[in-house]
1. Listed here are the pairs LYS141/LYS173; LYS173/LYS408; LYS104/LYS150; which of them are more than 26 Å apart at the Cα?
2. Rounded to whole Å, give me the distance from the Cα center of region 147-216 to that of region 232-284.
3. If you take the charge dipole of region 21-142 about its Cα centre, with +1 on Lys and Arg Cβ and -1 on Asp and Glu Cβ, which of GLN81, PHE61, HIS41 is farthest toward its positive end?
4. For the chain, which whole percent of the accessible surface, found with a 1.4 angstrom probe, sits on carbon and sulfur atoms?
5. Work out which GluC sites (Glu not before Pro) in the chain are exposed loop sites (DSSP not H, G, I, E or B, at most 16 other Cβ within 10 Å) and give the longest gap free of them.
6. Given Cα pairs under 8 Å that are at least 6 residues apart, what percent is the relative contact order of the chain?
7. Select from region 326-380 those trypsin sites (Lys or Arg not before Pro) which occupy a DSSP coil region and have at most 15 other Cβ atoms within 10 Å, ordered by residue number.
8. Can you tell me the 0 to 90 degree angle between the C-alpha axis of helix 390-405 and the longest principal axis of the chain, rounded to 10?
Amino acid sequence: MAHSSKQDAINFEHIGIGTVLNHNRLVVPLNQREYSWEEEHVRELFEDFANAIANNKATYFLGTIVLTRGEGDIPEVSDGQQRLATTTILLAAIRDYFFRIEDKKRAESIEQDFLKTTDLETTETVPKLRLNVDDNVFFTKFITASPCTKERKTQPSKESHRRIKAAAELIAKLLQNILAAYGKDSTKISRLLEWVKFLRDGAQVIVLRVPDHLNAFVMFETLNDRGLKASQADLLKNHLLGLAGDRIKEGQQKWAQMLGVLESLGKDDITVTYLHHLLITKNGPTKEREVFDKVKQTVNSQGRAIEFMDELADSANDYAALFNSDHKKWNEYGTNTRRYIATINRDLRVEQIRPLMFAVSKHFTPKEAKIAFQLFVFWSVRILIVGTRGGLLDRNYAVNAQEIGSGKIKTAQELANALQDVIPSDALFQTAFSEARVSQAFLARYYLRALEMSQKGQSDPELIPTDDETSVNLEHLMPENPGEFWPNIDHDAVSAYFRRLGNMVIMQAKKNSMIGNSSFSDKKKELKQSAFLLTSEVAQSSSWGVAEIKERQKKLAELAVKTWPLSI
């Protein structure tokens, strides 16, 4: 019984990420995703390490790594594989440098400590970190293997392999840039050893060891979605009230006022998200984990503490209004502004743009804000359809939110000019729309309803009434399970075209439920009677398949450029 309880215990330790690799042989489970970090993520981590080392910081907190008990007592990585893999790539790059200067003892020491180990049962040399089934062979050969071996000549065959290769090349380049500042080889060696020691001891993580994946998920969600966020808010509150001194009651009132407004939204952990977005409007790109440190650096006196808490209380109303199109703030902005906000929240459900919306709501005149919010609808649709690198979009939104906050950008046109290289062009948007597959029903319904209004020549077609899903619903013309009524449709066609927008129409829900998996000839009878123009037009087709879907979606794409234009 004692042994069982020990096996089921949840343990944690606070150690360097290099020590995690040094002390363990780890495996990423088969069901975990492949290596997904883009160059911007790798660069960000590297620069965080470099800044910490340059500023003589003893520690830098990387977050949590969750390990579960795997087969053969080899821990499985439930969370943290991207950080572990990227740290391994960095250590391998340092090892490679020592190999190139023929310092084999140091190279082999790093290799033995962090990259490889010996399986006692098979006596084979195995990697300290084994990635999932798609990435492990490439990662082992291209990263873990010694630079003098033929394995290092392996070439990527998957997108994740290319990301691994790009990460390795970027890290090697960044290391070289740092070493270029030092003339003597002995100084370069000292700097690299400093990096190794920092990765081993200073770049710290909390390692949670849990008995199974269910416990790992619960623990991870609890730590990241409640514990860490709440602690950021609590740390900030304690810092500000500590500075308030004899004005502490005034500060407490301001903090309570802010909380009252935010908590009325009924959203978990909204306080830290609000603080994060407010700092973005003041400082530009800011990581959520930097909230406390950023404030601590600038708010360091009683006067500034009270002033900042006053801003927190006042700005909370502007922030809360972004979630509520009926908020009194919008009284002087006009009905359409309310509808733009409702469309963003209800129909598109986009969140990345919120810091930019926050800056506009705080600093633009009502006239300019109205134009900007309409543009936000257009831009959000284009980005949803085309897709873009999340980090790049976050950064551009944050940079321009700060430009608005500082007064450098004062009009919607100036904002549009600043983001012209980020928002997809007409040509790119039309091409992407002509091939778009949409899995979320709420988005497909919005797109088709807006296109329908555009086809009918209505003004502001991007603003649609709140359709009750019980009365207006989606119909997929080519069904997901074709059956006997669709004998000429194969599995590959269904897989590729079922979720294409060209295969979808909106219909009254009762008729939608009636036609289901019916043949296209039977569906045509109902389609022809539809009051929706884009739906009834489908009935003009004699048959329905891949060619018809592609042709219809091409026409929808032409209409989409007019429905969600680049400018007003």
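1. On the way: LYS141/LYS173 20 Å; LYS173/LYS408 35 Å; LYS104/LYS150 18 Å.
With Cα atoms farther than 26 Å apart: LYS173/LYS408.
2. Value for the Cα centre distance between the two parts: 38 Å.
3. Farthest towards the positive pole: PHE61.
4. Numbers: 13090 of 27870 Å².
Whole-percent figure for carbon plus sulfur exposure: 47.
5. Working: sites that count: GLU38, GLU102, GLU121, GLU124, GLU351, GLU435, GLU469, GLU480.
Value returned for the longest uninterrupted segment is 125-350.
6. Numbers: 754 pairs, mean separation 69.8, N = 568.
Computed value for the chain: 12 percent relative contact order.
7. Details: sites: LYS328, LYS329, ARG338, ARG339, ARG346, ARG349, LYS362, LYS367, LYS370; in loops: ARG349.
Qualifying residues, ordered by number: ARG349.
8. Computed tilt is about 80 degrees.
The values are calculated or read from the model by the stated rules, or taken from the named source; none is laboratory data. Treat the numbers as computed from the prediction; the structure is a model and nothing was measured. Quick reminder, even Gly has a Cβ in these numbers, built from the backbone with ideal geometry, and neighbours come from all protein chains shown. The protein model used for the area step is the full one, side chains on, heavy atoms only, and it has no ligands, DNA or RNA in it. Shrake-Rupley method; radii C 1.70, N 1.55, O 1.52, S 1.80 Å.
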